[in-house]
1. Once a ≥ b ≥ c are taken as the square roots of the eigenvalues of the Cα gyration tensor of the range 4-109, is the result rounded (a/c under 1.5), prolate (a/b larger than b/c) or oblate (a/b not larger than b/c)?
2. What does the charge dipole of the chain about its Cα centre add up to, to the nearest 20 debye, if the Cβ of each Lys and Arg holds +1 and the Cβ of each Asp and Glu holds -1?
3. Multiply the residue gap between Thr72 and Ser96 by 0.36 nm, knock off their C-alpha separation, and tell me the result in nm, one decimal place.
4. Restrict the search to the range 6-98; then list the GluC sites (Glu not before Pro) that DSSP places in a loop and that have at most 16 other Cβ atoms within 10 Å of their Cβ.
5. So in the chain, what percent of DSSP beta bridges are antiparallel if you round to the nearest 5?
6. Tabulate in residue order the Karplus-calculated ³J(HN,Hα) for the range 37-49, using 6.51 cos²θ - 1.76 cosθ + 1.60 with θ = phi - 60°, rounded to whole Hz; enter x for Gly and Pro.
Amino acid sequence: MNIKDIASDYSVSAQIQASDIAELKAAGFKSVICNRPDNEDPGQPSVEEIRSAAEAAGLEFRHVPVISGQMTAENVQEQAQAFEALPKPVFAYCRSGTRSANLYNYMQGMK
């Protein structure tokens, strides 16, 4: 897992596995946001698989699915609401980390 810090309370990476949750917890993250729709790629773990692992480890979890190349203002608003509600720091992931990073950048433009 290659975690990229976007801000002091928000980091991103590419797709994670349920087995990565322990590393996220050890790194101090309090919350996880998944920005991938289920079944975007064959073989990707389901949102429920990651949610279950995160919640079992005591992390908060939100699913804000964004279709690659089709981000909407509603997606940005949903991400902003999730980010504001969740304990920090927040870790977000998608296929490559780009959507999750872009969502944060667009959220900053809303302020």
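The numbers here are math on the coordinates, done by the rules we state, and not lab data. All values derive from a computational prediction rather than experimental measurement. Please note: Cβ atoms are built from the backbone with ideal geometry, for glycine as well, and neighbour counts cover all protein chains shown.
1. oblate
2. Result for the chain is approximately 280 debye, rounded to the nearest 20.
3. Computed gain between Thr72 and Ser96 is 6.8 nm.
4. Glu40
5. 20 percent
6. x, 4, 6, 5, 9, x, x, 5, x, 6, 4, 5, 5
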